[in-house]
1. Taking the Cα-to-Cβ direction at residue B:63 and at residue A:8 and moving 7 Å from each Cα, how far apart do the two end points lie in nm?
2. How many times 2.2 N^0.38 Å is the alpha carbon radius of gyration of region A:33-148?
3. Calculate the radius of gyration of the Cα atoms of region A:104-218 to one decimal place, then report Dmax, the largest Cα-Cα distance, as a whole number, both in Å.
4. Return the percentage of antiparallel bridges among DSSP beta bridges fully within the protein assembly as shown, rounded to the nearest 5 %.
5. Springs between alpha-carbon atoms under 10 Å, Gaussian network over chain A: tell me which of A:15, A:81, A:200 tops the mean-square fluctuations.
6. Applying 1/(1 + (r/R0)^6) with R0 = 22 Å to the Cβ-Cβ distance of residue A:237 and residue A:30, what FRET efficiency is obtained, to the nearest 0.05?
7. Got a sec? Which residues in region B:186-203 would a label at residue A:167 touch, if it sits 7 Å along Cα→Cβ and we count backbone N under 18 Å?
8. Per residue of the protein assembly as shown, what 222 nm ellipticity follows from adding -39500 (n - 2.57) for every DSSP H run with n ≥ 4, rounded to the nearest 500?
């Protein structure tokens, strides 16, 4: 069940320029799945809306979730001030998450770009830990960054084979995640991806051209986070079951969609 | 202690409702709020056929509030009746259905379709600033508001609330037109037309360019308009606009509102409606108020 609740700050540090790494102790960790997100509330009286932030990692044993976020405005700037022992108000857990079962017996590739990288860490970790019939044939990660500040890359290396692409060519393939796919001849049957819209569009085209199944996590300006306001919709190829028009709520039917269902 | 209020013969257990468009059909907030405790659930606007709404971005936060330009996306009346109204039947709360349309006949289709349904009241949205046709066109001219209200009243089986726009020169004139045409109540305010520009991208923050401003930023405007409207007419007024807590709700009641609705603040805190209900009771205890109706228009 969704809840608005207080979470205790366990730690916070800077990972890269403008990118922060926050661990929170919260009961919401118990049910959190990779690809889901929480709404984090700034306390400033002038702000109204929770900021949707993807879950980077879950430590169910410690009732903790990890949020890796980028400072984009005054709300996220406020979050950087929190210290261990402080309380933050969060709403969650929200959204559907990545369908890990789609990777059973398949060559799975997780792809992240920029601030789309964090939710793929828990995804890669869980894919690598699957056993028996659910186990993927292989798990690889392809992460795209602007420059040499390849945040979380060391942690991806621990759970999967990692390939890096950087815009300035300072690490790995020069270019984007698809350039890395081609250059490194990475084979995939199923892709789980999160990143900016041009990247997701390119992944969808790549997946269609190569007969690969792709699940894409979308981002949009959001208000309620729980499916009431219809602020954060995306265009769909078929009439959506809830809206009865070709729009789906990113916060509720998403943020992860089957690429075939999206009209990007 | 009595918190019940009555509007057009419909009794509400307390004066706290949800503002249309901010609470879905109640389903989306039922994880957070026991809907049985609400005075009424006012549903998201519904038209005769499904509407796609506007392109995204549809929402933007601004200082003390937010802009929205959803464009009245809705699944159409048939799905609404089968799914949303069916869901609301499980709860002991009043159901007010917000009705929108592009032409008078669109509105009439929905009103007629709802005749035999479990609906306590109709709220007619003639004040959405985010759709190109209909809606606000009926809410900004006295004659147009009078005509559509008369047409709806002619066929409506439930009492009719006309939801008024603040984007007018005289709210009193609009309120009087609704009353003269037979409206059973009025609700106000809908959102105030606004605009935000993203100076880093050098673009409008909303794809629709303009959007409706809601949230605490608009509360003083809303209180003033509720005061003016309630003094202009004898029909009950439902007040809304930036209500965040019981103090805000009581302001609206003292300005003349019989009931109040919580809107954008549901997004800030899904428990706002319940906090407002409990806060009103605490206020009444503190000041020894026996009946909430004693506070109405007391200023």
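1. Roughly 3.8 nm, to one decimal.
2. 1.20
3. 12.9, 41
4. Around 50 percent of the beta bridges assigned by DSSP in the protein assembly as shown are antiparallel ones.
5. Top of the fluctuation ranking is A:81.
6. Rounded to the nearest 0.05, the efficiency is 0.05.
7. B:200-202
8. -6500 deg cm²/dmol
The numbers here are math on the coordinates, done by the rules we state, and not lab data. Remember, it's a predicted structure, so these values are computed and weren't measured experimentally. Neighbour counts are summed over all protein chains in view; Cβ atoms, including those assigned to glycine, are modelled from backbone coordinates with ideal geometry.
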